[in-house]
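The values are calculated or read from the model by the stated rules, or taken from the named source; none is laboratory data. Quantities reported herein were computed from a predicted structural model and do not represent experimental measurements. In this analysis, Cβ positions are derived from the backbone assuming ideal geometry, glycine residues included, and neighbour counts consider all displayed protein chains.
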Amino acid sequence: MHHVFGSYALYPDRAELVGPEGSVRLEPKAFAVLRLLVENHDRVVSREEMIEAIWGGRFVSDAAVSTALKFARKAVGDDGAQQTMIRTMHGLGHRFVAPVERRVDATTVVQAVEPAPEQTDRRPTIAILPFVQNAGDGVQVGDGLADEIISSLSRLRWLRVIARESTFRFRQDGIDLEGLRRVLGAGYALSGRVELVAGRLNVSVTLIETLSGSVVWSDRFNPALAELHLARQEITSAVIGALDLRISQAEAATARTKSTEMLDAWGAYHLGMSHFNRFNAHDNVIAAGLFERATVLDPGFATAFAAWSIARFQDAKLGYQTDFAAIAPDVRSLAERAVELDPYDPLASMAMGRVQSLEGNPEDGIFWYERSVSLSPNFAKGYFSQGVSDLLAGRNVQSCVDVDLSLGLSPLDPLLGPMLSIKAMSFLLEGNRALARDWSLQAVRRNLIARTQSDLVAPDWLFAPDAPTRLATIIGAYLPLLGWLYEASKP
C-alpha cells in the first residue's frame, strides 16, 4: 500500500519516498511530517496536532517544526513560495493540496477520499468549543471551563483533542459541524452554555457526533457562584469522566457494525473494551483477541498493549485460564511494551501496577497507580486501583478516599460495582458492619457485578494474618463477594 502524487510515491511501510530519479533521502521527522499531511490530505492539520503525532506532544520549538516542513517541501519539489504540494493555511495549520491516490497493488487504484479501514487507525478526535455566555454577565467562566476541559482531556492518550487555538476560531452561536469535521477532522464536538442566575451558574454541556449531528450525551450543572473555583474543578472532572466513557461506547457501537477484518486499530481497541468490561471468560477472550489485532494493525499503539496486558491479568486473577506460568510473562511483557511505547499513558502505568499485583508485590504496584493518576488526574480507574492497593496494605481510610474519587470521576463506570464493594470491604475490616452492609447492599441492588462467588462463607479469615493475601485474590480480581459480604456485615 502506497500513496502517489504527481511524480512521487510515498511508501509508509518502508519509510521511503520515491521521486522521478529514484529514492529521495529524507530525515525521519521530515518524512513523518510528509506522511501525516499526505494521509490527511482531505483536511487541514494543525501545528498542535502535528507536534502531538510526530513529537509525542513534547515541547518543540517553532524552528524545529518549520525545519521539518521545509525539508518535506524540498523533498517533493515544493517550497514556501510555490506551495503546490504543501499549503500553509494561516492561523489553522497546513494541508497537502496535490491530488493523492492510494495504490493497493500494481494495477488497482483507490481514491484516498475513501480510505480503506486499515489506513484509518487514528484516534477519535474531539473539538471542545468555547462555552457560550452572555457578554453582560459580571463573571465570565465560559472560555475558562472549555480551556480546562481541553487541558485535562488531552491527558487521555486514546483521544485526540484539537487545541483551543483552532477550536476557538469556531466561536459562534450555531455549531458548524461540517466545518469542524472538514477543517479540523473532528468526529465529536463538545459545546456548552453558561448562564448566571440568582447567584448560581447554570452550565449545560452537549456532546455531538459531527457526521450525523446526533447527541451522544448531555448534562447540566448548577453550582453556586460563591464556590466558583471548586465548581470549575467538579464540572471539568465530571465532563472528563463522561466523555471517557461515552466516546468509547460510541466508538464501540460503530465498530460493531463492521466485520472484524474491516476494523482499524482504534475500532478494534474500543470494541475490545466493550467486551473486556463484561467480566466473564468468554468476553475476555474476545477482548484480548481484539487488543492483539489492534497492536498488529498499529505496532506503536501503547494503550492497546496496556489493555491486552490487563486482559491477560484477568485471565489469571479471575481464573479464566489456569496456566499461570504462561500468563504471567505475557502480563509483564505487554505492560512493559506499553510503557516503553508511551511512558505518559496512564493505562500503561495501571497495567504495570497489575503486574506487581500478579507477582505478589501489591505494595510495589502503588508507585504505578500513583503515577497513572499523576499523568491523568481524572483517571477514575487509576484511583480505584490505588484504593485496592491501599486496602490490601491496611490503609482503609485512604482506600475509601481513593474509591470516593473514582466514584466521583466516573459514576457510571463499568467498575462501579467493584468500587462500591471495595468501600464495603474497607468498612467491614474497620469493624463498621453497618456501613459495610449499606455499601454492599448498594452494589447488590445496582446489579452491576457480572459475576459473584460464594465459596467463602465465614468472615473469620478476614482478620487472620494471611488476610492481605486472601484479599489480593478476591478484591484485586474484582470479585467482591457481594451476597456473602452483605450477610457477613449484619450486626
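Side notes on the structure shown:
- Filtered by the rule that a residue be among the acidic types (D, E) and over 19 Å from D283 (Cβ atoms), segment 295-334 gives D298, D323.
- Subset of segment 347-379 that is in contact with a Leu (Cβ under 7 Å, 6 or more places away or on another chain) and at pLDDT below 80 - its residue that is nearest to K317 (Cα to Cα): P362
This table checks each residue for (1) at pLDDT 85 or above; (2) more than 16 Å from the chain's Cα centre (by Cα); (3) not polar (S, T, N, Q).
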{"residue": "N222", "(1), (2), (3)": "yes, yes, no"}
{"residue": "L230", "(1), (2), (3)": "no, yes, yes"}
{"residue": "A242", "(1), (2), (3)": "no, no, yes"}
{"residue": "T254", "(1), (2), (3)": "no, yes, no"}
{"residue": "K258", "(1), (2), (3)": "no, yes, yes"}
{"residue": "M273", "(1), (2), (3)": "yes, no, yes"}
{"residue": "F276", "(1), (2), (3)": "yes, no, yes"}
{"residue": "A304", "(1), (2), (3)": "yes, no, yes"}
{"residue": "A307", "(1), (2), (3)": "yes, no, yes"}
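- Those residues of segment 350-368 which are buried (at least 24 other Cβ atoms within 10 Å of the Cβ) and among the aromatic types (F, W, Y), in sequence order: W368
- Yes/no for I327 being within 17 Å of the chain's Cα centre (by Cα), part of a helix (DSSP H, G or I) and either in contact (Cβ under 8 Å) with a residue 24 or more places away in the chain or within 25 Å of R293 (Cβ to Cβ) (or both): no
- For the condition touching a residue at least 40 places away in the same chain (Cβ under 8 Å), over 18 Å from R232 (Cα atoms) and not β-branched (V, I, T), R193 does not qualify.
- Exactly one residue out of G319, G353, G365 is at positive phi and small (G, A, S): that is G319.
- Neighbours by Cβ (under 8 Å, 6+ apart or cross-chain): first from segment 344-373, within 27 Å of R58 (Cα to Cα); second acidic (D, E): A348/D342; M352/E336; I366/D390
- Criterion: in the same structural domain as V161 (by TED's automatic domain parsing), within 30 Å of V97 (Cβ to Cβ) and under 23 Å from the mean Cα position of the chain (by Cα) - qualifying residue of L207, L184: L184
- Cβ-Cβ distances below 6 Å connect the following pairs, each with a first residue in segment 79-104 that is more than 22 Å from E49 (Cβ to Cβ), a second residue that is of a type in the set (D, E, K, R), and a separation of six or more residues or different chains: D79/R73; T84/D78.
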